[in-house]
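Reviewing the structure listed below.
The values are calculated or read from the model by the stated rules, or taken from the named source; none is laboratory data. These numbers come from a predicted model, not from an experiment. Neighbour counts are summed over all protein chains in view; Cβ atoms, including those assigned to glycine, are modelled from backbone coordinates with ideal geometry. Accessible surface is based on the protein model in full, side chains and every heavy atom, while ligands, DNA and RNA are left aside. Shrake-Rupley method; radii C 1.70, N 1.55, O 1.52, S 1.80 Å.
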Amino acid sequence: MATFEYAPAPESRSIVDIEPSYGLYIGGEMVDLIDGSRFKTVNPATEEVLSEVVAAGPQDVDRAVDAARAAYDGTWSRLSGRDRGKYLYRLARLVQERSRELAVLESIDNGKPIRESRDVDVPLVAAHFFYYAGWADKLGYAGFGPDPRPLGVAAQVIPWNFPLLMLAWKIAPALACGNTVVLKPAETTPLTALAFADICQQADLPPGVVNIVTGAGDTGRALVEHPGVDKVAFTGSTEVGRQIARSVAGTCKKVTLELGGKAANVVFDDAPLDQAVEGIVNGIFFNQGHVCCAGSRLLVQESVGDELLALLKRRLTTLRLGDPLDKNTDIGAINSAEQLDKIRMLSEVGETEGAERWSPPCELPERGFWFPPTVFTGVSQSHRIAREEIFGPVLSVLTFRTPTEAVEKANNTPYGLSAGVWTDKGSRILWMAQKLRAGVVWANTFNRFDPTSPFGGYKESGYGREGGRHGLGGYLDV
Ligand code: NAD
């Protein structure tokens, strides 16, 4: 199929101002490290070094937790909900005002296409702050009793796939409920969290209400294990989630864990197939497949399997892979060399185990971390590519004959974060939604997010819900 040729339409990089090095945001100001070290953050699309950031050490973490405690006792827990709401509205508006800069920064540090950071990530960040700003003075009506109390200091650790959006999911409800926070962004994507520190200063947020400590796993561990925190909120891999659950067991810390997924996207023979193809593409190739709720397993009813695959392959030949800052780009860079290795390794395992691998003709840039959109057919339930989270642009296709078989295959996973159903029949959608063991079930769409809607998993996808009224429960003493 002919693809239109587009001239490059790069977004301007000059709108962002990246410092050569950053400190830690503690107590309302950027401070130097005490016992940490420094490391570099790179642009995954070019391998260019962007800046040097701190890997906070135990004393740095101590200092951040102390600042959060002082702010909790001294100001934030004493403010009325109405006043907390005003600060949250201010943060939301500043995110909107600086949205172009934030989108460019996110794409540079993460590798995701500007089309996504501009149209999905950053608007949802603002929406989250607006939404929880609205709750701040209405907590007594949220269903948790007339006067629910905050928990205290929240330790929040987030992954690299939606750096600023995950920050918003964590910080907005915590602050609305009256908690203060210490947040650790992922080691490969610290820059938008540091830009958010600047936004907190601009909003005149009382010092210590939000603290940002950068670093890798050791910093995260020091933070979640710190005796001065009352709440741990973690989004990341199931493996690290398990370690955290073990480390907080026996303490009074409240925990929410948002972990991995291996979602089934189930297409029945009466589905509008063209529409389903768009949903499949959005389900697994959005954000290079670095999505916890990605539709990484396509379950297609056998009678329309060949037709759907032909349509899907045709569509994939039209995807544009390349410069994340180009507004025409559909598929950006893989976030890190380590993640690229993991995707390559699991794809090779897929071939060795006997599945058939296909990618559209696709030129990969020479520098940076890239992987073409990939589809595996002839996949069976026991294959590792059908069971393990690849967290990349790789789709495993399985078939089914009856709705019962679809449900059995969809639920045959240790995860339970999300699922998709494509069918013309409303009754079948409702039946499937009841049977599927997944926190979110999308019907005739996929990867739609809204701050009013709770999000979270069953089984090894974690526990607790973020978003919506439910998201308040994790930050209140209820
Ligand atoms: P990861 O678990 O390796 O890292 C996540 C964060 O935890 C990072 O900030 C990391 O520095 C930190 N960390 C690492 N070891 C730690 C430890 N021992 N103690 C405390 N913190 C530690 O995951 P990742 O590779 O960054 O992210 C990908 C994973 O995140 C995928 O499995 C994906 O499914 C999951 N994810 C889940 C959701 C969700 O809402 N369920 C959303 C996005 C990503």
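Remarks
- Any hit, the stretch 320-328, residues being out of contact with any Ser or Thr (no Cβ under 9 Å at 6 or more places or on another chain) and either within 16 Å of the ligand (Cβ to nearest atom) or not in a loop (DSSP other than H, G, I, E, B) (or both): yes
- Only one of Gly220, Gly152 that is within 16 Å of the ligand (Cβ to nearest atom), modelled with pLDDT of 95 or more and closer than 22 Å to Ala70 by Cα: Gly220
- Lone unmet requirement of (1) within 16 Å of the ligand (Cβ to nearest atom); (2) over 30 Å from Ile158 (Cβ atoms); (3) of a type in the set (A, V, I, L, M, F, W, C) for Ala310: (1)
- For Glu225, the conditions (1) touching a Phe, Trp or Tyr at 6+ places or on another chain (Cβ under 7 Å); (2) closer than 18 Å to Pro185 by Cα all hold with the exception of (1).
- If you filter the stretch 300-322 down to residues that are closer than 14 Å to Val375 by Cβ and among the basic types (Lys, Arg), you find that the one that is farthest from the chain's Cα centre (by Cα) is Arg314.
- Residue match in the stretch 33-44 (condition: farther than 19 Å from Pro113 by Cα, assigned to a loop (DSSP other than H, G, I, E, B) and in contact (Cβ under 8 Å) with a residue 60 or more places away in the chain): yes
- Scanning the stretch 249-270 for residues that are open to solvent by 10 Å² or more (accessible area, probe 1.4 Å) and over 23 Å from the mean Cα position of the chain (by Cα) yields Ala249, Gly250, Thr251, Cys252, Lys253, Asp269, Asp270.
- Any chance Val229 is assigned to a loop (DSSP other than H, G, I, E, B), open to solvent by less than 20 Å² (accessible area, probe 1.4 Å) and among the β-branched types (Val, Ile, Thr): yes
- Residue count for the stretch 207-222 satisfying the condition of being more than 22 Å from the chain's Cα centre (by Cα) and crowded, with 24+ Cβ neighbours inside 10 Å: 2.
- Under the condition of being under 21 Å from the mean Cα position of the chain (by Cα), open to solvent by 10 Å² or more (accessible area, probe 1.4 Å) and closer than 20 Å to Glu307 by Cβ, the residues counted in the stretch 366-398 number 0.
- Selection from the stretch 132-184 of residues that are farther than 21 Å from Cys252 by Cβ, small (Gly, Ala, Ser) and buried (at least 24 other Cβ atoms within 10 Å of the Cβ): Ala136, Ala168, Ala172, Ala176
- Restricting Glu239, Glu225, Glu278, Glu187 to those that are within 14 Å of the ligand (Cβ to nearest atom), farther than 30 Å from Lys86 by Cβ and over 20 Å from the mean Cα position of the chain (by Cα) reduces the list to Glu225.
- Search result, residues across the stretch 127-185 that are among the charged types (D, E, K, R) and under 19 Å from Val229 (Cβ atoms): Arg149, Lys170, Lys184
- Some residue of the stretch 274-281 being over 26 Å from Glu388 (Cα atoms) and open to solvent by 10 Å² or more (accessible area, probe 1.4 Å): yes
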